[in-house]
Amino acid sequence: MRISLRKAFWLCPIIFLYLKSFAQNITGTWQGNLNVQGNQIPIVFHISKDSANNSIASFDSPSQHAFNLPCSQVILKDDSIILLMAILKGKYAGLVSKDKKQIDGLWFQGAGSLPLTVIKISDTAVVKEHKRPQTPKPPFPYHSDDVVYMNADNSLQYGATLTYPKSDSINHSAKANTYPAVILITGSGQQDRDETLFDHKPFAIIADYLTRKGFAVLRVDDRGIGKSSGNFEDATTADFAKDVEASLDFLAKQPQVNKDKIGLIGHSEGGMIAPIVADERKEIKYIILLAGPGIPIIDLMQQQIEAVSISEGKSSAEAKAAGHLMHIVWEEAGKNEDSASTIKNIRLKIGVWSKTLDTATLARIKGNDTSSVNNQIAQAMAALNSKWYKYFISFNPQPYLQKLDCKVLALNGSKDVQVVAAPNLNGIKNSLKKSKSPEYETIEIPGLNHLFQTCIKCSPSEYIDLEESFSPKALDIMGNWLQKNVL
């Protein structure tokens, strides 16, 4: 899910900052700490030169295991520097010291700002590299074509990769030289066609696996990234569903595609989008939901806060209280009343609810801290200014699941703390019982996290440390189901 507001909610994205000429020598590694409600969050910038001698930079948040993820832009003037972070709707603005060893500035995100001073700790920039042994590497035993296409009114361009078998490498029983086909739908946050996260490329792995099994696979850059155009930040999940429909129109025109066997595979928010598209487009014959939602998003988010908190060492009582607190805030903030009434109602409800908690638990979640509560209210109200978030937090997947008339496979990892397996798979199963789906199956796979990695700690902060990008067991479950239901 667009967990915590545009990809894993706990993540700070890395910024690839393209720097213009700058009077100061800022090449090197810069480090500082954000003080977030008493917690010190280390921040590291790595600034270096690319092959064209242009300055580039990356941003890390080591305690959150966030390294080397793409973002937006830099503005430089004299000895001032402003780093714009579109994915956060934030920025860092600072002043470089005369000795070129320190930047004093402010970190802006949401409705507030925090002081952030970074110190130059090295004259070189070394970005951590990670082993990703599953990432497919050429030469491939199948066709792999980079493609570009437009939507119906030519207002948006999409960049994608279409893979399909070589005609002499697969025994297929459909129309001559055509193959069943799937579109891969990314999860929350602005994703490239491989759904790259921490150098993991799960969609490249899925495409490679399925193409070797006899499928054509289309994987697509999200709006505003790679070769796709459009404004990602101004779009909602409903807009992303229209993007998938444009991809469907393109795919159906390809001569190597069996138009009677087209399906969708969606991960996380992609598992929310797939039923929306399948309800509208009856040429969709099957969908696979990877950690897709099966319950109202507001309830999913509450459970996520609880599960993630426990995975990071919080007590069950503290985790449940934190989740309930945010549910109150989201529920009231989503009622579209004026700000003054909303804030008043939230405070009243929190006041009543806080009396049911023991003093120690209330203190640990800062439920009796007026400043902390006000900050959470302000962040929730600010988030609702986002079209995407307003749509997302009020979304209920069940009516869409109930209208499906295609085959469905829903998978979840038992250790997923972002889309908790049991309630969501049960929600999907109960909804599909009311549908016209001719064949459906829900499977909870032991030991896998939200990214379908075999995990150890199974907290979101572990994603980057695991070498496995996508479980072979999950791949085989998908492959066997498709073999039985599609090929």
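The values are calculated or read from the model by the stated rules, or taken from the named source; none is laboratory data. Keep in mind the model is a prediction, meaning the values are calculated, not measured. Cβ: placed from backbone, ideal geometry, glycine included. Neighbour counts: every protein chain shown. All accessible areas refer to the heavy atoms of the entire protein, side chains included, with ligands and DNA or RNA removed. Shrake-Rupley method; radii C 1.70, N 1.55, O 1.52, S 1.80 Å.
Taking the conditions exactly as written (farther than 27 Å from residue 232 by Cα, touching a strand residue (DSSP E or B) at 6+ places or on another chain (Cβ under 9 Å), surrounded by fewer than 20 Cβ atoms within 10 Å (Cβ to Cβ) and at pLDDT 95 or above), does residue 471 satisfy them or not? So residue 471 fails the test. When 243, 260 are screened for being assigned to a helix (DSSP H, G or I) and open to solvent by 10 Å² or more (accessible area, probe 1.4 Å), only 243 passes.
Residue pairs whose Cβ atoms lie under 7 Å apart, sitting 6 or more positions apart in sequence or on different chains, and linking a residue in region 248-262 that is without any contact (Cβ under 8 Å) to a residue 60 or more places away in the chain to a partner that is open to solvent by 50 Å² or more (accessible area, probe 1.4 Å) and in a strand (DSSP E or B), are 252/259. The set of residues in region 173-190 being in contact with a Gly (Cβ under 9 Å, 6 or more places away or on another chain), over 15 Å from residue 162 (Cα atoms) and of a type outside the set (Gly, Ala, Ser) consists of 186, 190.
Are any residues in region 388-421 open to solvent by 50 Å² or more (accessible area, probe 1.4 Å) and among the hydroxyl-bearing types (Ser, Thr, Tyr), and if so, which ones? Passing the criteria: 391, 394, 400.
Taken over region 196-213, the criterion of being modelled with pLDDT of 95 or more and open to solvent by less than 30 Å² (accessible area, probe 1.4 Å) is satisfied by 202, 203, 204, 205, 206, 207, 208, 210, 211.
Can you say whether residue 441 is closer than 27 Å to residue 205 by Cβ, open to solvent by 10 Å² or more (accessible area, probe 1.4 Å) and not in a helix (DSSP H, G or I), as far as the supplied structure shows? Yes. Being outside any strand (DSSP E or B) and modelled with pLDDT under 95 holds for only one residue in 328, 295, and it is 328.
For region 453-464, indicate whether the set of residues that are closer than 17 Å to residue 196 by Cβ, open to solvent by less than 20 Å² (accessible area, probe 1.4 Å) and of a type in the set (A, V, I, L, M) is non-empty. Scanning region 453-464, I find at least one residue that is closer than 17 Å to residue 196 by Cβ, open to solvent by less than 20 Å² (accessible area, probe 1.4 Å) and of a type in the set (A, V, I, L, M), so the answer is yes. Kindly check whether there is at least one residue in region 353-365 that is open to solvent by less than 50 Å² (accessible area, probe 1.4 Å), out of contact with any helix residue (DSSP H, G or I) (no Cβ under 6 Å at 6 or more places or on another chain), part of a helix (DSSP H, G or I) and in contact (Cβ under 8 Å) with a residue 24 or more places away in the chain. The answer is yes; a qualifying residue exists. All told, residue 44 falls short of being at pLDDT 85 or above, surrounded by 15 or more Cβ atoms within 10 Å (Cβ to Cβ) and part of a strand (DSSP E or B). How many residues does region 136-169 hold that are open to solvent by less than 30 Å² (accessible area, probe 1.4 Å) and free of Cβ contacts under 8 Å to residues at least 60 places away in the same chain? So the count comes out to 3.
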